[in-house]
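What follows is calculated from the coordinates using simple rules that are stated; it is not laboratory data. Everything numeric here is computed off the predicted structure, so don't read it as measured data. Neighbour counts run over all protein chains shown; Cβ positions are idealised from the backbone, glycine included.
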Amino acid sequence: MNHKIGQPELLKEINRSRAFEILKRTRILSRPELAQQTGLSRATIALLMDDLLRVGVAQHVGLGDSTGGRPPALLEFNPNAAFALGAAMLDHEWRIVLTNLDAQVVHRLDAPIPGSNPESAVEALQIGVQAALGRIERGRLLPAIGLGTPGLVDMPSGVIKAAVDVGWYEVPIRAMTEAALGLQCLVANRSKVGALAEHWYGASKGLEELIYISIGTGVAAGIVHAGELFMGVNSSAGELGHVTVLPDGPPCRCGNRGCLQQLVSEPAIADRARTRLREQPNSQLWTLVGHHPERVTAALVFAAAEQGDELANEIVDETARYLGIAIANLVNLFNPARIVLGGPVGQLSKGMLPLVLDEVRKRALSYPLSAVQIAPSSLGPDANAIGAAALVLRRASELIFAEK
Ligand SMILES: [Zn+2]
């Protein structure tokens, strides 16, 4: 047992956090109802509610029904009492969001990262965060920032151990961010925070077994198992992008060949289309890129496929097939309730989804297959940044009183 539990301040914080969570979930309730739900004395509840009223998390909204005596005052949860800051590092920019206590985005902005080293990324973050903070009263910011970064992140130390795609190794991103922003920093891999966002706030809210696959310049999965992020022994679980799908496929920066990432990521889709474009002079892609093959992007390939272009459809079919193989393996290995496709390619996946499902049906075992839903993310392009903010929101009750 934790010997600190007996300390009055810690006990108060634990009780206040419970009261906060119950009020947030119930939205409106009276002090006697809160006392009943927590099992705490009315005197303790009165003190805790005074704290929540003082910081604006609770506010008075009239009187409840009388049970004989004086009708009890009703208290309502105010989601706009404080705001959380989250930032996800995407290709060459940070997507920064400010959310309220319900994880609703109240402001978003993109901060371009001019260079390719960690210093320029932190500098860009600092500029973006300053701009974002102009939108709220500074006193209402929970004094922390959540980051979703590429690569393998050691969460306890906040160090990016290896981000192969951007060539970063042993980057103390948490320490750098804390020094630059003067805010406590919580950091995790961007796909893992995407999974948290889906689990806590997306269409998959509350699902205990969930896998979020982020497909953009890289590919990775965040695995939620038993309601918690599945991390592995050194935070490396979920590196789906480096699972072999085609044994003699294209080489990958990780040293392997035929990794999923080399077949379904945005650059992989664009590269495949570019290579074949020269053999297909009638493809609509030529028009879409103004006869400049170097302008081919994954988004244009999906757009051409929707218009019925043969070459683009071939590429989308292959992408769906490779993705389907990987997803069937996930279904068999993890038996999830839902697999969510996120990131830029995940957002584009609606048209491709039936093809992905066909491939999954061919390869997954029918019993786990019968329990899984496969769908694009409901949170859209903000998913990773909301997940990063969620790292802060998880500690909202503690942070809100940190400086008050
Ligand atoms: Zn690889």
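Springs between alpha-carbon pairs under 10 angstrom, Gaussian network model over the chain: which of 272, 321, 25 fluctuates most?
25
I'd like to compare 8-16, 123-131: which one has the highest average count of other Cβ atoms within 10 Å, and what's the full order after that? List each step's numbers first, then the result.
Details: 8-16: 13.3, 123-131: 17.3.
Highest-to-lowest ranking by the protection proxy: 123-131, 8-16.
Which of these, 241, 62, 346, has the largest mean-square fluctuation under a Gaussian network model of the chain (Cα springs below 10 Å)?
Between 241, 62, 346, it is 62 that shows the largest mean-square fluctuation.
Quick one: of the DSSP bridges fully inside the chain, what percent are antiparallel, nearest 5?
Antiparallel bridges: around 65 percent, rounded to the nearest 5.
Can you bin every Cα-Cα distance in the chain into 20 Å intervals starting at zero and give me the percent of pairs per bin, rounded to whole numbers?
25, 50, 21, 3, 0
Can you tell me the FRET efficiency between residue 226 and residue 246 if r is taken as the Cβ-Cβ distance and R0 is 35 Å, rounded to the nearest 0.05?
On the way: r = 33 Å, r/R0 = 0.93.
For residue 226 and residue 246, the calculated efficiency is 0.60.
Taking the C-alpha atoms of segment 203-378, how large are the radius of gyration and the largest Cα-Cα span, Dmax, in Å?
Radius of gyration, then largest Cα-Cα span, for segment 203-378: 16.5, 52 Å.
Can you bin segment 190-252 into rounded, prolate or oblate? Criterion: square roots of the alpha carbon gyration tensor eigenvalues sorted a ≥ b ≥ c, rounded for a/c under 1.5, prolate for a/b above b/c, oblate for the rest.
Working: a/c = 2.60, a/b = 1.91, b/c = 1.36.
In terms of gyration-tensor shape, prolate.
Which cross-chain or sequence-distant (5 or more) residues have an amide H under 5 Å from the amide H of residue 373, H modelled 1.01 Å from N in plane?
The answer is 338, 339.
Work from the charge dipole of the chain (Cβ charges, +1 for Lys and Arg, -1 for Asp and Glu, about the Cα centre) and give the residue of 373, 26, 341 farthest towards its positive end.
The listed residue farthest towards the positive side: 26.
Which entries of 192/350; 12/161; 161/362; 161/350; 24/192; 24/161 have Cα-Cα distances beyond 32 Å here? Provide the component values of the computation, followed by the final result.
Details: 192/350 22 Å; 12/161 37 Å; 161/362 37 Å; 161/350 34 Å; 24/192 25 Å; 24/161 36 Å.
From 192/350; 12/161; 161/362; 161/350; 24/192; 24/161, over 32 Å: 12/161; 161/362; 161/350; 24/161.
How large is the dipole of segment 203-378 about the Cα centre if only Lys and Arg carry +1 and Asp and Glu carry -1, each at its Cβ, rounded to the nearest 20 debye? All intermediate terms of the calculation are to be shown ahead of the outcome.
On the way: 14 positive and 17 negative charges, 19 e Å.
The calculated dipole for segment 203-378 is roughly 100 debye.
Where nothing but the Cβ of Lys and Arg (+1) and of Asp and Glu (-1) is charged, how large is the charge dipole of segment 165-249 around its Cα centre, in debye to the nearest 20? Walk me through the numbers on the way to the answer.
Working: 4 positive and 9 negative charges, 47 e Å.
My answer is approximately 220 debye.
Just to be sure I understand: with springs between alpha-carbon atoms less than 10 Å apart, which residue in 244, 99, 287 has the highest mean-square fluctuation in the Gaussian network model of the chain?
287
Based on other C-beta atoms within 10 Å, arrange 199, 225 from fewest to most. Walk me through the intermediate numbers first.
Details: 199 25, 225 16.
Final ranking by Cβ density, sparse to dense: 225, 199.
Scan around residue 215 for amide H atoms under 5 Å from its own, H built in the peptide plane at 1.01 Å from N, and keep only partners 5 or more places away or cross-chain.
It is 342, 343, 345, 346, by chain and number.
Can you give the extra length, in nm with one decimal, that the chain gains between residue 70 and residue 138 once fully stretched, where that is 0.36 nm per residue apart less the Cα-Cα distance? Walk me through the intermediate numbers first.
Values: separation 68, 0.36 × 68 = 24.48 nm, distance 3.91 nm.
Gain in length upon complete extension: 20.6 nm.
Quick one: check the C-alpha center-to-center distance for segment 354-382 versus segment 192-254, whole angstrom.
14
Tell me, what HN-Hα J-couplings in whole Hz come from the Karplus equation 6.51 cos²θ - 1.76 cosθ + 1.60 at θ = phi - 60° for each residue of segment 388-402, using x for Gly and Pro?
Each residue of segment 388-402 in turn: 5, 4, 5, 4, 7, 4, 4, 10, 4, 4, 5, 5, 5, 9, 4 Hz.
What are the ³J(HN,Hα) values, in whole Hz, obtained from phi via the Karplus relation 6.51 cos²θ - 1.76 cosθ + 1.60 with θ = phi - 60°, for each residue of segment 373-381 in sequence order, with x given for Gly and Pro?
10, 10, 8, x, 4, 8, 8, x, x
Taking Rh as the Kirkwood radius computed over C-alpha pairs, what is the Stokes-Einstein D of segment 3-77 at 4 °C in a medium of viscosity 1.567 mPa s, expressed in µm² per second?
Once the numbers are plugged in, D ends up at 102 µm²/s.
With charges only on Cβ, +1 for K and R and -1 for D and E, what is the dipole size of the chain about its Cα centre, in debye, rounded to 20?
Details: 37 positive and 40 negative charges, 207 e Å.
So the magnitude is around 1000 debye.
In whole Hz and in residue order, list the ³J(HN,Hα) couplings for segment 259-273 that follow from phi through the Karplus curve 6.51 cos²θ - 1.76 cosθ + 1.60, θ = phi - 60°; x for Gly and Pro.
5, 3, 4, 7, 10, 10, 6, 4, x, 5, 5, 5, 4, 5, 5
Going by amide H atoms built from the backbone, whose H comes under 5 Å of the H on residue 378, apart from near neighbours?
203
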